[in-house]
Amino acid sequence: MDFEAGEIVALVGENGAGKSTLMNVLSGLYTPDSGEILIEGQPTRFRSPRDAIAREIGMVHQHFMLIPPLTVAENVVLGLEPRKRGLLDLTAARNAVQKTCQRFGFSLPVDARIEDLTVGSQQKVEIIKVLYRGARVLILDEPTAVLTPQECDDLFAVMRELAASGHTIILISHKLREVLAVAARIYVMRRGKLVAQVQGSASNERELAALMVGDARPSPSIGSAKRDRGELLLEIEDLHVPGAQEIPALRGLSLRIFAGEVVGIAGVDGNGQRELAEAITGLRPWTSGSIRFRGEKLRNPSPGELRHRRLAHVPEDRLSRAIIAPMTVEENIALGRDREPPFARKGLIDFAGRRERASRLLKEFDVRPPDAQARIGLLSGGNQQKVVLARELDLAPRLLVVVQPTRGLDISAVRAVHERLLLARERGAGVLLISLDLDEVLSLSDRIYAIFEGRITGELGRAEFDEKRVGRLMMGAERERPPRAPSANA
Amino acid sequence: MLEVIEAILFSTLDYAPALIFAALGAVLSERSGIVNIGVEGMMRVGAFAAAVAALVVPTGAAVGAGMLAGAALASIHAYLSIRWRSDQVVSGMALNLVALAGVTFLLETRYSPTGTPPIAQLQRWTVGGIDGVPLLRALSGHSAITYLALVVPAVFHLALFRTAAGLRIRAVGEKPLAATTLGISVSRLRYPTVIGGGLLAGLGGAALSTATLDRFEQHMPAGLGFIALAAMVFGRWTPLGAFGAAAFFAGGNALRIGLASSAPRVLKIVPQGFLLALPYLLTLLVLAAQGTKSRAPASLGIPFEPESK
Amino acid sequence: MGMFPSLFRAALPSLLSIVLALLVCFIAIAVSRSDLSIAANAYLQMLWGGLGDVPSFLGSGNWSLLTRAWGESAAKAALLTFTGLAVSVAFCVGLFNIGAQGQMTVGAIVAAVIGAKVALPAGLHPAVAIAGAAGAGALYALLPAVLKVRRGVHEVISTIMLNWVAVSLVENWLVVGPLRATASGDLSRSGTDEILPTAELPRLLGSLSRLNAGFPLAVLSAVGVWFWLNRTSNGFEARAVGLGMEAARTAGIDVRARVYQTMAFAGALAGIAGAVWVLGTEYKFPATLGAPYGFDGIAISLIGQNHPLGVGAAAIFFGVLRAGGTRMQLLGVHKSFPELIQGLALLFVAGRLIWDSVLRRSAKRAVPMAEVPRA
């Protein structure tokens, strides 16, 4: 790739395409295995972020590196403080910040504390920070993820200003509409490779989405035996769930899940899937709307209550949310059901019963090594996930919510997990599959809901599956008619 | 009536410096993110070292010995907490226990079980001109440490909020990762603050044995280090706040003692025990009211692990 | 339980810390007296003081030479066990209970009152007093738990504050005020009224020593805590909360309930320490609690690696040392010398990672150590 002074170049691609990795190399956080970086024709090697800063490259991360109780001026000059007679020259600091702001058309309250600023303003502070240190190449990683539409417009104005004064802006984003609005050139990445380069003015969302998602690959449809749908397990209506930093994560989401089907949620990371899973499983409250499980309206349910009603959950973040690493495999299997037989009897742990159940499950799920007393932290990721699945499926759940079930797993582990999910479906459970891996969603689901910015943008039955179409729905490039009752046949 | 207030003011100014310096020492250390439960122990060794040194060197220099003793203890805490990422509460508690028993051991071995021999207290200075003014004259006749205790908090406050070093200390205490991305070394900042905290706590201890009293008494500082922690929390981890809280607590204590001698009937209504418990109860109320919005430095107590590539 | 080699390896940092502390203190005496033999003698006196004057016993056959020491050691070991358990139980759910001192104080005063003012038959009296003390300690420990769960107040600060509140209110108000011992004739006595004879914890060896029922109670409690932790679902859930709160919550465990219940349990144990102290050796609440048993509990718990059996072992070890400390005075070493050993041992344990890296050079695979868990 190449970048010229004074232009805005965007980098787009699906989850896992490699965009952030590439930019982390450019900003000095990672070292590449091969290839080279040339700055003004000179081959350059970065050993740390400080090297990159010295070469006038500044990165504005998705997660801000700001210190909340300190002021804007203090955050900007930290580490490069102007001094006067031994004391911090706050006036000089303020002036420097003001000057930079004015030059690029921002306005920031220089003495305000970061924690009192809106997210949009905080982002501007990050940009000023980088400009203060003399950056001429600015990398913005998903800058609009947390901004309101108004703040996005402000940001674009800033980007144009910066470009006009000779800076280079590299914009990483999923939001095709925005990318097309500001970028002169757009690079499209897929699976770690550059696949296309288009002119911003000459392209459109459909084309970009198609390039990102690629040609239709034969989706291995595993076991698409026609089933009749069973009872209505989960009915969500107009759900509003708060997210981080007072931006709502779900803004009126509705969907339905029936017994005997796999429902997939396709969406780009950060569009509300996580919060949806947490709301359904009792880990996050909702502010309005309703969730009905098997006909009954849920009211601030606790995770324990829901498990009791046979709603199982395989969370993402396996290490922190699904397993307790220092405990043994059989103890992890007992988690949550540790008071009932076969794990306990009258409050006392039933070691024999627990061991027996654990051994049986380990064999059934082909966990290696099949040692119930091994510390689960020592197992491979794939085997850990098998244990988690074993635990949840042993509940004989009516509804199984799985989030990112195969992240970080090798091929055989992935296959094993997929088989289990389909088996659950065969046994009459409903499966809610939330995954950032579109292939996975497409190959397993009977129906797909596309989610974008906290709402369902479309619903497709298996017969209508079309990667490109799903891609467009996921990226907000196309809006279906408002979701109505799902079609009669799966 | 006026005499009573004057007397209370005078004794407050005598008792407060120890608490003030200890509280400032705690603030310094905790502002950079290192919990400092060991203030009690640092005061104890400071008081002891000063009282012992004053037997052979002029008392002024002996105070320096007290400060060094506090710093020595603090450097162990710093080494364990920063280099080895030990649990900071455990390390602090351990140092308290070691200081408690160790000083007792040294006291017993070399002197008498109740305390060290008397020394020449720090000279008291008279502030000219206000001797005739009622109330104000309570400000005169104190040792240098007292006057220092009135000045240092302001200086410290200025340093913390108006110098580059202070800015970096605050940054490191809130979000060390952000500071690292800007090229600031977290450990290089934390060692001096912890050891500096020890110097101040040692000074507080020395104040007890060279100004407030004229020797090291076996129980010193008798829980004062923990009141200093309360003052730090109550004062929201700022030097001026800690100063105010410490002065307030010391004043309350002086008031309590004053009441005991001059108006014992008041104590029949409000028992001494309640008054003694008051600083701690107030601190708890403040903490409970603030809830999760407490002003404690955000990275307090969390050992910092430098990111590895 | 685990195989002995792995148990040994897990205990190694603690054992090494104790050995190192003993060594350092030995050198301290030797240096301060410029005489190695005094140091050796002092240690020997400490040993005899704690385990019994073995040479004199062998010479005279007088059992009381042994039993007296056993009684003292057992009395101290019992208190250290209870406070140590109070700290380690709280660690199970990831909370640092610095408040054992305050919980013990409130437990002690309640036991003193029930012991002195309530008339009950001999079998029931101590039991009721102990139960009252346990309840008081439990309630007092719930305060910081609630503050933590509902207001996010860090338990280290709140328990330190509450310690002093308890001490101030009990020792500086109740004991010298409403609960003060009634003067008899010209004598005014310090502390509270003496407890009724029916409330006293029975002496197990009669007049041979002060060994009372507190010690077996302590041993039972340690076993009880072990049982709770390893054999009951309740303890299992508490452990899960301490080791992985998020995963426990996601899996459906009621985290709040476990936290409250476990802290109450911890406080109850500390409260029982107070009761045993009052009903077993003091027979009233004296003017002051005297020793910082609560803080010692922290040291004992950490040296014992927060494991009930480790706590028990450390408590017995240091109980013996401390009982023996009184005899060291004969050689001019202050009787609180064992506290110095204890403090140093804790300091060395605090440098746990140092031990880890030292041991890792010799072991093929280090047994993972439990860190001080934090909720």
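Of all alpha-carbon pairs in the stretch B:55-212, indicate the percentage at a distance above 23 angstrom. More than 23 Å apart: 54 percent of the Cα pairs in the stretch B:55-212.
Counting only DSSP H runs of at least 4 residues, each contributing -39500 (n - 2.57), and dividing by the residue count of the protein assembly as shown, the helix-based mean residue ellipticity at 222 nm comes to -17000 deg cm²/dmol. Between the stretch B:192-229 and the stretch B:97-117, the alpha-carbon centres lie 15 Å apart. Shape analysis of chain C places it in the oblate category; the axes a ≥ b ≥ c from the Cα gyration tensor give an a/c of at least 1.5, with a/b not above b/c. Put a dot 7 Å past the Cα of C:Ser37, heading toward its Cβ, do the same for A:Arg368, and the two dots end up 7.0 nm apart.
Anisotropy class assigned to the stretch A:64-105 is oblate, per the alpha carbon gyration tensor with a/c at or over the 1.5 cut-off and a/b no larger than b/c. The slack between B:Val56 and B:Leu158, meaning 0.36 nm per residue of separation minus the straight C-alpha distance, is 33.1 nm. From the alpha carbon centroid of the stretch C:2-42 to that of the stretch C:47-122 is 23 Å.
Note on A:Asp2/A:Tyr30: beta-carbon distance plugged into 1/(1 + (r/R0)^6) with R0 of 22 Å gives a FRET efficiency of 0.65. Helices in chain C that qualify as membrane-span-like (whole DSSP H runs, Cα extent of at least 18 Å along the helix axis, mean Kyte-Doolittle hydropathy of 1.6 or higher) are C:4-33, C:337-350. If R0 is taken as 25 Å, the Cβ-Cβ distance between A:Glu464 and A:Asp317 corresponds to a FRET efficiency of 0.15. Neighbour counts of other Cβ atoms within 10 Å put C:Glu155, A:Glu459, A:Glu237 in the fewest-to-most order A:Glu237, A:Glu459, C:Glu155. For the stretch A:8-213, pairs of C-alpha atoms spaced more than 24 angstrom apart make up 43 percent of the total. Looking at chain A alone, DSSP beta bridges between its own residues are antiparallel in about 50 percent of cases.
The mean sequence distance of close C-alpha pairs (under 8 Å, at least 6 residues apart), as a share of the length of the stretch A:326-395, puts its relative contact order at 37 percent. At an R0 of 60 angstrom, the distance between the Cβ atoms of B:Ala260 and C:Leu23 translates into a FRET efficiency of 0.80. Largest GNM mean-square fluctuation among C:Arg322, C:Arg239, C:Arg151, using chain C with Cα springs under 10 Å: C:Arg151.
A simple spin-label model places pseudo-atoms 7 Å from Cα toward Cβ; at B:Leu177 and A:Asn95 they are separated by 3.6 nm. Using bins of 5 Å that start at zero, the share of Cα-Cα pairs per bin across the stretch B:260-305 amounts to 5, 17, 15, 14, 13, 10, 8, 8, 6, 3, 2, 0, in whole %.
Largest mean-square fluctuation among C:Val89, C:Val241, C:Val320, in a Gaussian network model of chain C whose springs join Cα atoms under 10 Å apart, belongs to C:Val241. For the stretch C:26-45, the residues whose amide N sits under 16 Å from a probe point set 7 Å from the Cα of C:Val358 along the beta carbon direction are C:26-27. Peptide A:327-337 has a mean of 4 when you count, residue by residue, the C-beta atoms of other protein chains within 10 Å of its C-beta. Taking 0.36 nm per residue of separation and subtracting the Cα-Cα distance, full extension of the segment from A:Arg355 to A:Ser107 would add 82.8 nm. Note on B:174-184: average number of Cβ atoms from other chains within 10 Å of each residue's Cβ is 6.
Please tell me which of these pairs span more than 28 angstrom C-alpha to C-alpha: A:Lys129/C:Lys148; B:Lys268/C:Lys335; A:Lys129/B:Lys175; A:Lys19/A:Lys386; A:Lys346/C:Lys76? A:Lys129/C:Lys148; B:Lys268/C:Lys335; A:Lys19/A:Lys386; A:Lys346/C:Lys76, as the Cα separations exceed 28 Å there. The P(r) of chain A has a tail past 43 Å containing 25 percent of all C-alpha pairs. Computed about the Cα centre, the dipole magnitude for chain C is approximately 820 debye when only Lys and Arg (+1) and Asp and Glu (-1) carry charge, each at its Cβ.
Working ranking of peptides B:28-35, B:176-183 by packing, defined as the average number of other Cβ atoms within 10 Å per residue, highest first, is B:28-35, B:176-183. Calculated from the alpha-carbon coordinates, the protein assembly as shown shows an Rg and a Dmax of 34.0, 108 Å respectively. Taking label points 7 Å from Cα along the Cα-to-Cβ direction, C:Lys117 and A:Arg310 give a separation of 5.8 nm. When both bridge partners sit in the protein assembly as shown, DSSP labels roughly 55% of those beta bridges antiparallel.
Every number in this text was worked out from the coordinates using simple rules, so none of it is lab data. On a predicted model such as this, the values are computed, not experimentally measured, just so you know. Here the Cβ is made from the backbone with ideal geometry for all residues, glycine too, and neighbour counts use every protein chain on show.
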